[in-house]
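Inspection log for the structure reproduced underneath, given as structure tokens.
The values are calculated or read from the model by the stated rules, or taken from the named source; none is laboratory data. Computed from a prediction, not measured in an experiment: that's the story for all the values here. All Cβ positions, even for glycine, are placed from backbone atoms using ideal geometry, and neighbour counts span all protein chains on display. When the accessible area is computed, the model is the full protein with side chains, heavy atoms only, and any ligands, DNA or RNA have been set aside. Shrake-Rupley method; radii C 1.70, N 1.55, O 1.52, S 1.80 Å.
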Amino acid sequence: MAHGMDMGVKDLGRWAPLLAVLLGTLAWPSVWWGSPPHSADHNVHLANAVEAELLLRSGRLVGWSDFQFAGHPVHAFYPPLANLCVASVHLLTGGLLGWDGSYCVVLGVFLGGFALALFVLLRPVLGPFWALVALGLCLFVDRGGTYAGGRHWYLDMGVWPFGASVALVLAALARLPDCLVRGGRGEALVPGVLLGLALLTHPFALVLFFPMAALQVAVFWREAGGGLHAPRRWLAVSALGLGLAAWWLLPFLLRGSQAEHVGAMPQSLGRLWSGVWGGELVPGLPGWVGPLAVVGSGVAWWKGGSRGRWLVLATWGALLLTTEAPYWLLGLEKHRAIEGVQVVRFRAVGRLFLVGLAVLSVRELAHALRARRGWEAGALGLLLCAGLGVWRLRGGEPPGGTSEPPKRFQCYTAEEEAGLARLLRESGPRMGQGRLALYNPSAHHHCLLLAVPWLERPFFKVGYTPATVFGGKFSTLEPRMLGHLGVTAVLMDAPAEGPLAGLPVLARWGRFEVREVRQLPRVNASTPDAAAEVLSWEDEAVRLRLSGPGATGVLLWMGWAPEWEATREGQAVPLEPALVEGARLMTLQADPGEVVLRFGASRGARPAALLSVLTVLVAAWAALSRPRRPSVSAGSS
């Protein structure tokens, strides 16, 4: 019997990683047949992928695009990896899978990879079976919440690129101890590459990896031989990851003043403590997890070895970073950078580790009962019952846990989506060649972005977008403004309001309608008796012809960015930002003649790209070269 059980455990250990990947994809099983969620940010990522493919077709990864949000530097404010992956699948398959199918491929890789990363991190402490149990709880029981991870955040809200960066960091942390203890180029390559990919998926990886990895350095310091061995190896991994991501990361950091700043302040330390016993530790997580995790922390600390101790420190350290306590000690509790970093996102990691510790306490009780260690089983049972009792006495919420208020998952029904697609096919030729404005009365909805993959044309989202909180982006309902910005039609999924109601209707189906916008000049001469003519207008190059009695002032209806440069007959022409009815546009003044505007490299982009290239070469050398064997002299024995 014992031999059969050992064989079963061995077989499970062999197949457990594959089971973990399968469990991950079952969190949204329709990825297998190419049906992704069409809700919230999923539509934003689909639209961004369309834009990313246009970049790839022109041989660019980062540049200026007149595609959305009234023009912006593509991938300058948000990492490009997720968008580029979807676009690459679509491009490499020749569009055979369609945009939904391409999106499903990448989303499925995320779901399976997220599950695998958590599994390989927890397996050394929990074992394969119980690591799968913890994974199942995280995927199918934990409902999650805004900024806190879980199903609600990653699948309902569609913030899966953040989840992908978390998964990559977890995978890097799972491999880092081998590098710290044994050293070697091979051991450093894997966590370094994973860190680089994580940084190119979401900037929070920069904040997440280093404190978690620093705890590993402290825990594994003695096993690594003491001294500076572990810190040096950690620095090597960090340098590799930072170097690989430098081509995007450095320009992003230099644009810090334009980075996203969404209010997400830390909670109080007292609230965290009461949440452990009151069932509101993390939104969407069942309340019993907190008390069980407290018992599991003791088990992991005393019986889990170095990895178990790190898991305890990482769990409660991540949750502590979501409170105001560490920033109060540093005098940073009111610092805007703390709000911008959104430290509450550490909950997304802490909640995963909490489930692991909770399962560990149950696993240890089961092992004690199976081994007939009565005293140990009794002590663990009493501790677990005491924790659950305190939770219930404190008024803990039902075992199902708390979560975000229920939201409608899909934006539209299948019939509505089919009607929208038919409407766009029929009205597309009458929209002209300009931008398509997307209007929904609820400013925070991104549902109509679903139309972008179908039309593959530049668009302007009316109302809130993630870009409106950084980079000086704007929104407008004025038809005149829309006409100057290149919009020729407005698509809406509700009756028009305000100035849009006066636009002529091109087509209508059900709740959807398309209204026509009169296109207006993209440039205006502000000098009397002068004129500005557009000779060519491309994403990164604009040619104008100015005529008039003298120097002519010109307003360009295009979003301003410091990378734009203007020349006339080889001489630089100053470009200045101009605020026009909430829009941050560009102005110039030049003598009559031809003026050329070009979008150049972002600040720090060239040296950063060179650093990334050198890092790739070093990584390739380390991967391909064989380690030198120590020479043995002829007289040695």
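Worth a mention:
- This model, with +1 at the C-beta of Lys and Arg and -1 at the C-beta of Asp and Glu, gives the chain a dipole about its Cα centre of some 2240 debye.
- Charge dipole of region 510-559 about the Cα centre (unit charges at C-beta), most positive-ward option of W537, A551, P521: P521
- Using a simple spin-label model with pseudo-atoms 7 Å out from Cα toward Cβ, L455 and R518 lie 2.1 nm apart.
- Correct choice for Cα extents along the principal axes in Å that was computed from the model, options [x] 104, 65, 57; [y] 96, 73, 52; [z] 119, 87, 58: [y]
- Relative contact order for region 166-250: 41 percent, from Cα pairs under 8 Å spaced at least 6 residues apart, divided by residue count.
- Residues with amide H under 5 Å from that of L506, placed H, sequence gap 5 or more: V514, R515, E516
- Mean ellipticity per residue at 222 nm, deg cm²/dmol - from DSSP H runs of n ≥ 4 across the chain, formula -39500 (n - 2.57): -16500 deg cm²/dmol
- In the context of the full set of protein chains, the chain has a per residue accessible area of 44 Å² (1.4 Å probe).
- Highest-first packing order for the peptide set 556-565, 523-532 is 556-565, 523-532, based on the mean count of other beta carbon atoms within 10 Å.
- Subtracting the Cα-Cα distance of E376 and A572 from 0.36 nm times their residue separation leaves 62.6 nm of extension gain.
- Cα gyration tensor category, rounded, prolate or oblate, for region 100-259 with a/c compared to 1.5: oblate
- Cα shape, region 164-280, gyration tensor, a/c 1.5 rule: oblate
- Extension gain (nm, one decimal) between A601 and L235, 0.36 nm per residue minus Cα-Cα: 128.8 nm
- Modelled FRET efficiency - R0 51 Å, A218 with L91, Cβ distances, 0.05 increments: 0.70
- The chain, relative contact order in percent, only Cα pairs under 8 angstrom and at least six apart counted: 15 percent
- Using a simple spin-label model with pseudo-atoms 7 Å out from Cα toward Cβ, E594 and H367 lie 7.7 nm apart.
- Placing unit charges on the Cβ atoms only, positive for Lys and Arg and negative for Asp and Glu, gives region 514-620 a dipole magnitude near 260 debye about its Cα centre.
- Of all accessible heavy-atom area on the chain, the percent that carbon and sulfur account for (1.4 Å): 62 percent
- A 1.4 Å probe, protein heavy atoms only, puts the accessible area of T567 near 60 Å².
- In the chain, the longest principal axis of the Cα atoms and the axis of helix 414-427 are about 30 degrees apart.
- The slack between A386 and E497, meaning 0.36 nm per residue of separation minus the straight C-alpha distance, is 34.1 nm.
- Site-free segments of the chain were taken between trypsin sites (Lys or Arg not before Pro) in DSSP loops having at most 11 other Cβ atoms within 10 Å, sites themselves excluded; the longest one is 1-221.
- Accessible area ranking (1.4 Å probe, heavy atoms, ligands and nucleic acids excluded), largest first, for T615, T146: T146, T615.
- Using every pair of distinct Cα positions in region 59-156, the Kirkwood expression returns a hydrodynamic radius of 16.1 angstrom.
- Projecting the Cα atoms of V217, W316, V276 onto the charge dipole of the chain (Cβ charges, centred on the Cα centre) puts V217 farthest toward the positive pole.
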